[in-house]
1. As a test of reading the structure, rank 90, 210, 202 by solvent-accessible area (1.4 Å probe, protein chains only), most first.
2. Show me the helices of the chain, taken as full DSSP H stretches, that run 24 Å or more along their long axis by Cα and average -1.0 or above in Kyte-Doolittle hydropathy.
3. In whole angstrom, how far apart do the alpha carbon centroids of region 62-96 and region 165-221 sit?
4. Report the residue, chosen from 36, 19, 196, that carries the largest GNM mean-square fluctuation when the chain is represented by alpha-carbon nodes joined by springs under 10 Å.
5. Give me the percent of accessible area attributable to carbon and sulfur for the chain, probe 1.4 angstrom.
6. Mind telling me which of 72, 64, 118 comes out most flexible in a GNM of the chain, alpha-carbon contacts under 10 Å?
7. Which residue fluctuates most in the GNM of the chain (Cα springs below 10 Å): 206, 29, 92?
8. Quick check: with the 1.4 Å probe, what order do 142, 45, 177 take by accessible area, largest first?
Amino acid sequence: MTRYARWLWLLLPLAITLGFEPLVVGLLGAWQQLRGGLDPGLYFYLPFLSALPPALLLLLAWQRRRRDLGPRLPWTDHAGLAADIRWGLMAGLACLAVFVGSLQLLKLVGVAGPDFTRLQTAHHIYFSTLGALLPAVAEELYFRGFLAERFRDLQPALRIGLISASFSLWHVQSPSYLLHTFLIGLILGLLVLRRGRLLPAMLAHGLANMAAGLLIVWGWA
């Protein structure tokens, strides 16, 4: 990897998230032309496609980390597993508080969040389970794993700030998420810096995602 090429990895998540929706719309349009119409029932399955971008990040991070020869952050270790779980749970609660507080603050200033009213029960179950856990593993492996390893030569504050900005822009399709995803990126970056392992951040991220999905179902977010 050249000196400057690594900076493109910071922008890649933004490129993926900006390109995914036009790609899906284009494929649906092509399908409609070929079949002479589009089955309305097909729209039921669209929310489940949200698993594809994080799955792509997971694949990229996994392959790049296997090929790179530099030191890699471990997932966890047996001796520190209990402490990793405790730290993950505490950080997850902090991330959830940031999520709720940020959305409530934006509501006060007139910024509306995403509209989840069209989602059906199956969608909510998905976003509170697999749709919460897959992004947690994939995004932590990419942002706090792969990217952190690529920029290990930077000062920790600068490295965490850059990666948190990249993580925030990964959510640019939901503008009301930009603030809390940046702050959560800082929390998770500091967590990995403190523990030196990825499992606590994955646990925190997964817990926050699942809890946020439940809060949305209950109308509290």
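1. Descending order: 90, 210, 202.
2. Working: long enough: 6-35 (43 Å, 1.00); 81-108 (40 Å, 1.47); 178-195 (25 Å, 1.82); 199-217 (27 Å, 1.65).
Helices passing the filter in the chain: 6-35, 81-108, 178-195, 199-217.
3. Spelled out, the Cα-based centre of one part sits 15 Å from the other.
4. The residue that fluctuates most here is 36.
5. Its accessible area is 70 percent carbon and sulfur atoms.
6. 118
7. Between 206, 29, 92, it is 29 that shows the largest mean-square fluctuation.
8. On the way: 142 0, 45 130, 177 35 Å².
These residues rank, largest area first, as 45, 177, 142.
The values are calculated or read from the model by the stated rules, or taken from the named source; none is laboratory data. Remember, predicted model here, so these are calculated numbers, not experimental data. The protein model used for the area step is the full one, side chains on, heavy atoms only, and it has no ligands, DNA or RNA in it. Shrake-Rupley method; radii C 1.70, N 1.55, O 1.52, S 1.80 Å.
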